[in-house]
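Below: the structure, in structure tokens.
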Amino acid sequence: MKMPEKQAPAPPKPANGSEAIIRIEGIDKTYVLSAENIVHALRGVHLSIDQGSYVAIMGPSGSGKSTMLNILGCLDRPTSGSYWLGGENVATMPDDELSEARGKKIGFIFQSYNLIAQLTVIENIQVPLFYQGVDLAASQGRCVELAKLVGLGDRMDHRPAQLSGGQQQRVAIARSLVNDPIMILADEPTGNLDSRTGTEVLEMIGQLNAHGKTIVLVTHDDKVAARAHRVIHMKDGLIDREVINRPVPHAPK
Amino acid sequence: MVGFKLISSVKLGIKSLLLHKLRSSLTMLGIIFGVCSVIAMLAIGEGASYEAQEAIKKLGSNNIIIRSLKPAEESRQSGNVGRTFLLDYGLKYSDGSRLASTIPGVARVLPMRIIRESVRFDQNEVPCQVIGTLPYYKEIVGVDILRGRFLTEMDELYQENVCVLTLGLASRLFPYQDPLKMSIKVGSSYYRVVGMVREKNTVEQRTQSGKLSGEPLDNNIYIPLSTSRSRFGEILTRMSAGSFQMEKIELHQITVQMKDTSAVEAADPQIRTLLKHFHTRNDYELIVPLELLRQARQTQRIFNIVLGSIAAISLLVGGIGIMNIMLATVTERTREIGVRRALGAKKRDITAQFLVETVVLSVGGGLVGVIIGVITPIAVTHLSGMKTIVTLSSVLLAFGISGAIGIIFGLYPANAAAQLDPIEALRHE
């Protein structure tokens, strides 16, 4: 495994008093395709995201947006730099710990829902808990509650194939919440939905944020991005510019 | 927690397999046939060798049997029509006493004269074997006395004209009367029937030379050895197709009973050496039931290995089938693997998931195979009358192999699944 050049120090407390739950410091990601062909997907990105904020990441293809998403989601490790997620530097974690970090700290919402076909709604919601080794019987109540929260209380025994796209995405939202993550990472959550159901899903995500969840959303739709507190535009592996739509409400808890 | 995870994994595995019922059951077929054939083949092999071993055991594992044998070159000559030969061959009385006195570990030596003759009573004439022997025949060979008594020392001493009949012969000769105390005619003399017996091990009947089983005879008359010697004489004349043939045989068979089975092994070469010294021609054969038993077991082992490997190959093929399907499944479910990895599954969780599915397939197939494998030998026995023995060890072996195959052939696909890059897997269409 390739180690970063130096171990980053513990993240300094930000001056403004709010909790920077996510801190990315000088992250590089290079893909060595061959000796001559080296792609620099990220070139020393700095980013910090406060607890309870709603951040949208935008950018054209090839801007490093997807790579950023993979690193934020702990699916990939940066070539160098550090990534502090809830007090831990996940940039240098071995694969197993990275899996655990994903399972405990991140809730994923995908463009194509990515529910597991052979499982029912309630079982799909339980999947992250299964890999945490949580007793599924004991957490059944919580999963039912989440299913009701996303409005699928009457369809808990349905399989994904029996649900509409909007319903599937709502199951995915419930699934992303089940492990009580630090951050919900949504990758084009409305990309496969019509505008009405898309709006419903966005409303739901907005409500989650209103209840204090930190949301990072990747999109190329300006309307979707408009719902976020901050919009980060990426270009050529760097943060090009940042737009603050509205301030992050303080101390949501 | 591990137990809970395992149970959930097994449930999940079964659920995934049930999604493709036809595919799963076809995959299981390979294992089912493999396990079934292992059990059935071993059962048939075991049954066949059991019968052979039982037949040999009846000869008595403590005994060494020496039989007179017509030398090959003499029998060719005797084929010449119109010529009369006196064939002098076979075991002598002196052989018996020499064996008793020189071979260590000998308990008793039982001489026998076996003469084919017809026995008559009233209008009935039945071909039979007249066995001239000593009273302790009944202990060494083993007979049940049904009525009357067996031969005694006194009969032997006074060359009494008494005889003991086997049950089968008695019923043929005396359909209506009670045979006890009747007189029957054998050759030119009359004998009084003093008892009726049944041989414990009918296999022990006089067999043809070189074979273990001969005619299933229950046609024996037992007379004292001394009587046989004086009434029939040493020279036996046989008429056949215009020529007659004279044979001088003193004893037809000597059964040497050893004190224990360990003495048998030592005595075998000693007896051979002794007989070789006094017999210029090869006019006898030695049958050592213990040795035969050992050979039969050896043969059975080879038989089992051959049958077992054929069956094992079919299990192997079944395993390869499973591996093939699992590899296809991994490709098909790449995206699911990506999702699971994103949701916190470690590499070993993915390995475990696919390994469990493979093991569920193979163990499920193994269970069905065991059931069919136990039924098949029963059906074979029922249809062909062949003896089959299903041993617990063969069932455990077959089942164990099927489980092992699940793990061995499941490891590669499961590992391939775990090594998938989650990002690539998530992008997979």
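The values are calculated or read from the model by the stated rules, or taken from the named source; none is laboratory data. As the structure is a prediction and not an experimental result, all values here were calculated from the model. Positions of Cβ are backbone-derived with ideal geometry, glycine not excepted, and every protein chain shown enters the neighbour counts. Please note that ligands, DNA and RNA were not included when accessible areas were found on the heavy atoms of the full protein model with its side chains. Shrake-Rupley method; radii C 1.70, N 1.55, O 1.52, S 1.80 Å.
Shown here are the Rg and Dmax of the Cα trace of the protein assembly as shown, at 45.7, 135 Å. With one equal scatterer per alpha carbon and no solvent term, the Debye-computed log10 I(q)/I(0) for segment B:326-368 at 0.25, 0.27, 0.32 1/Å reads -0.87, -0.94, -1.09. Translational diffusion coefficient, Stokes-Einstein: compute it for segment B:90-187 using the Kirkwood radius over C-alpha pairs as Rh, at 10 °C and 1.306 mPa s, and state it as an integer in µm² s⁻¹. Approximately 104 µm²/s, per Stokes-Einstein. The modelled label-to-label distance between residue B:328 and residue B:86, using points 7 Å beyond Cα along the C-beta direction, is 8.6 nm. Shown is the FRET efficiency for residue B:93 and residue B:266, computed with R0 = 22 Å from the Cβ-Cβ distance and rounded to the nearest 0.05: 0.35. Legend: Rg and Dmax of segment B:282-429, from Cα coordinates, 23.2, 88 Å.
By per-residue mean of other Cβ atoms within 10 Å, what is the highest-first order of A:177-188, B:137-148? Working shown, then result.
Numbers: A:177-188: 21.4, B:137-148: 17.0.
Packing order, densest peptide first, comes out as A:177-188, B:137-148.
Accessible surface computed residue by residue for chain A, with neighbouring protein chains in place and a 1.4 Å probe, gives 44 Å² per residue. Per-residue ellipticity at 222 nm computed for the protein assembly as shown from its helices equals -15000 deg cm²/dmol, with DSSP H segments shorter than 4 residues left out and the rest contributing -39,500 (n - 2.57). Per-residue mean of foreign Cβ neighbours for B:250-257 is 0 (Cβ atoms of other chains, 10 Å radius).
GNM remark for chain B: springs join alpha carbons under 10 Å apart, and the peak mean-square fluctuation among B:226, B:362, B:97 falls on B:97. Here segment B:99-137 and segment A:78-151 have alpha carbon centers that stand 91 Å from each other.
The mean number of partner chain beta-carbon atoms within 10 angstrom of a residue's beta-carbon across peptide B:332-342 is 5. How large, in percent, is the carbon and sulfur part of the accessible surface of segment A:27-89 at a probe radius of 1.4 Å? Answer for segment A:27-89 is 49 percent, counting heavy atoms of protein chains only. The Cα-based radius of gyration and maximum Cα-Cα distance (Dmax) for chain B are 34.1, 107 Å.
Residue order by solvent-accessible surface for B:276, A:235, A:105 is B:276, A:235, A:105, largest first, with ligands and nucleic acids left out and a 1.4 Å probe. A straight Cα-to-Cα reach below 13 Å connects residue B:57 with the aspartates and glutamates B:204, B:291, residues fewer than 8 places away in its own chain not being considered.
Direction-averaged projected area, Cα convex hull, chain A: 14.5 nm², rounded to one decimal. Highest mobility in the GNM of chain B, judged by mean-square fluctuation with C-alpha springs under 10 Å and restricted to B:52, B:100, B:342, is found for B:342.
Just checking the output field for B:344-355: average partner chain Cβ neighbours within 10 Å of each residue's Cβ?
4
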